[in-house]
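Structure record follows, encoded as structure tokens.
The numbers here are math on the coordinates, done by the rules we state, and not lab data. These numbers come from a predicted model, not from an experiment.
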């Protein structure tokens, strides 16, 4: 039987880009809030914990969806324990061995 280890490819890059953009945006928002606090403006700064909570929830949702998509991709490809079984190659090998047994038994 033939076992193939699939190539992972470069699937995580979009996720890293999205997460990086999310963190950059959050850093900019928090930087603005800090400047507002330094200037005595507290109205928007009071929302900082809510922004942090929303950022964490958004990132968690992205990571959860990524895990679900990866699991579905592996299931569709027939991957079990990070290996994919090549059933076509297995059928060919079984057929070849059966043919050898038939030839050996006839003699």
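Here the translational diffusion coefficient of region 11-106 follows from Stokes-Einstein with Rh set to the Kirkwood radius across Cα pairs; for 10 °C and 1.306 mPa s it amounts to 87 µm²/s.
Over region 11-106, Cα pairs under 8 Å with separation of 6+ residues give a relative contact order of 21 percent. The alpha carbons of region 18-59 stretch over 33, 16, 8 Å along the principal axes, in descending order.
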